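Bear in mind these aren't lab numbers, they're just calculated from the coordinates by the rules spelled out. This is a predicted model, so every value here is computed, not measured. Positions of Cβ are backbone-derived with ideal geometry, glycine not excepted, and every protein chain shown enters the neighbour counts.
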Amino acid sequence: MLGAGFGGLELSTNLARALGDQLDLVLIDQNEGFIFGFSKLDVMFGRTPAPAVFHPYKDIDKPGVRFVQAGIRSIDPTAKRVVTDAGVYEADILVVALGADLDPSATPGLVEAGHEFYTVPGAFGLREVLSNFTGGEVIVGVTSTPFKCPPAPSETALLMHDYLTERGLRDASTISLVMPLGIPIPPSPAASEALLVAFAERDIRWHPESLVTGLDPERKVAIIGNGTEMSYDLFLGVPHHRAPAVVEESGLAVDGWIPVDPLTLETSFPDVYAVGDVTSVGTPKAGVFAEGQATAVAEQILSRIRSGPTPASYDGRGTCYLEFGQDQVARVSVTFLSGQAPAGELEGPSQEMAQDKQAFGTTRIQRWFDRS
Ligand SMILES: Cc1cc2nc3c(=O)[nH]c(=O)nc-3n(C[C@H](O)[C@H](O)[C@H](O)COP(=O)(O)OP(=O)(O)OC[C@H]3O[C@@H](n4cnc5c(N)ncnc54)[C@H](O)[C@@H]3O)c2cc1C
């Protein structure tokens, strides 16, 4: 199992529960522990201390699962052979869940004259940057597509409004949100409408169908794809995404990401599956979809081992939480089925949904990290 993010943790958990000691699964990740994507916003806005959101992999205690902390150097999908910093591994079944790498340097000026809030160092470092900010023009901007968690820039703009309000800086500031999408969450018109209302109520300036192609450090302006410029004092960007280099070099990727059968998550290589952000399966790049895909792959592996009936195919379902600020959270349930327009429903925003989101995180940590 390559990668111990949403996909890798869910797959390992499901297989360990079903197979116990019969399982022989090596879970490989370069990191020491897991951090939820949404925890990055919590740390950045000072809502949670950084150590509280870190979940060390050494806590994993599952029958048949061995965690190896190592960088993956090469993947041979034909031989199902993986070379890592900690040795060579050969598998009967290989599952790739290596996520999307982030490349802030791909946007001219971003590293020198802006900030990004998608990497752990970027988001955690922003905590201090924000506490030193004394007000001015703030831009939250997306620099390329596809990007993880499409609601995250909208959430960041809303949380920024709260943050500046609490610090008495909102009147001295503007907040602009620059996104490549026509509406904030295209699969859910209801959620998009609720967000657009929230932006209008808070005077958050919404710039749809626009990408930030670069920053000019001298003039402190963001260059927008359509040729316009926007001045800023604080730029918070969503950086370029790409498949990890080891995936690009493996021959698994086509046009940047790993193509899979949308019903089975099989790649074009026998006994090699891929789930989550590293694929081009057609769902958004979000943890809940990686998790659902991992569940579907676990079912298939179990059915093969037990020579059981063909399991149900991947259903494309996911439930995302949306921070509206002011302790209000909404829940969006979306289904992406191949060949059909995605359908999304909205519940909230409300304080009850904020508790629901909390429970979502707690239950994952309990089952992935074997905590009671
Ligand atoms: C600010 C922000 C907020 C978000 N909020 C949400 C949310 O509310 N809900 C939601 O569902 N999603 C959210 N996401 C998206 C979510 O974090 C990702 O979509 C999800 O983690 C993808 O899961 P994955 O298993 O595909 O990959 P990941 O969870 O990214 O895991 C990939 C793993 O592979 C490892 N890896 C990569 N390359 C190598 C290598 N060469 N060697 C060894 N290990 C390697 C990485 O270390 C990583 O642990 C958010 C993301 C961000 C940035």
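Can you give me the orientation-averaged projected area of the convex hull built on the Cα atoms of region 198-267, in nm²?
Result: a mean projected hull area of 8.3 nm².
Against the 2.2 N^0.38 Å scaling, with N counting residues, where does region 99-246 land? I'd like the Cα-based Rg ratio to two decimal places.
0.99
Can you pull the one-decimal nm distance between simple spin-label points at ALA50 and ALA245, each 7 Å off the Cα toward Cβ?
Computed distance between label sites ALA50 and ALA245 equals 2.5 nm.
Would you mind ranking ASP24, ASP59 by Cβ crowding within 10 Å, fewest neighbours first?
Listed from fewest to most nearby Cβ atoms, that is ASP24, ASP59.
Tell me the net charge near LYS80. Cut-off is 15 Å between Cβ atoms, LYS80 excluded, with +1 for each Lys or Arg and -1 for each Asp or Glu.
Every neighbour counted, the sum reads -4.
What does the charge add up to near SER268, with Lys and Arg as +1, Asp and Glu as -1, over the other residues with Cβ less than 15 Å from its Cβ? Present the calculation step by step, with values, prior to reporting the outcome.
Values: positive: LYS80; negative: ASP76, ASP255, ASP261, GLU266, ASP271.
Net of charged neighbours comes to -4.
Among SER350, SER74, SER210, rank each residue by its count of other Cβ atoms within 10 Å, from fewest to most, as a rough exposure measure.
Working: SER350 15, SER74 12, SER210 21.
So the residues, fewest neighbours to most, are SER74, SER350, SER210.
Can you pull the one-decimal nm distance between simple spin-label points at GLN30 and ALA312, each 7 Å off the Cα toward Cβ?
Each label point is offset 7 Å from its Cα along the Cβ direction, giving 3.7 nm.
Among ILE75, ILE93, which comes first, second and so on when ranked by fewest other beta-carbon atoms within 10 Å?
Final ranking by Cβ density, sparse to dense: ILE93, ILE75.
Within region 219-246, find all residues whose amide N lies under 20 Å from a label point positioned 7 Å from the Cα of LEU169 along Cα-to-beta-carbon.
220-222, 231-238
Can you tell me what share of the DSSP beta bridges in the chain is antiparallel? A percent to the nearest 5 is fine.
55 percent
Which one, PRO208, PRO51, PRO146, has the greatest fluctuation when you compute a Gaussian network model over the chain with C-alpha springs under 10 angstrom?
With Cα springs under 10 Å in the chain, the top fluctuation among PRO208, PRO51, PRO146 is at PRO51.
Would you list the P(r) distribution for the chain, with all Cα-Cα distances sorted into 20 Å bins from 0 and each bin expressed as a whole %?
Using 20 Å bins, I get a P(r) of 28, 57, 14, 0 for the chain.
Would you calculate a helix-derived [θ] at 222 nm for the chain, using -39,500 (n - 2.57) for each DSSP H run of n ≥ 4 and dividing by the full residue count, to the nearest 500?
So the calculated ellipticity at 222 nm is -9500 deg cm²/dmol.
Would you mind checking the tilt of helix 152-166 against the longest principal axis of the Cα atoms of the chain, expressed as 0 to 90 degrees and rounded to 10?
Tilt of helix 152-166: around 40 degrees.
Give me the percent relative contact order of the chain, please, defined on Cα pairs under 8 angstrom at least 6 residues apart.
Details: 779 pairs, mean separation 70.4, N = 372.
Result for the chain is 19 percent.
So what's the angle, to the nearest 10 degrees on a 0 to 90 scale, between helix 120-132 and the longest Cα principal axis of the chain?
Value to nearest ten degrees: 20.
Round to a whole angstrom and tell me the spacing of the C-alpha centers of region 157-181 and region 298-352.
Centre-to-centre distance over Cα atoms comes out at 30 Å.
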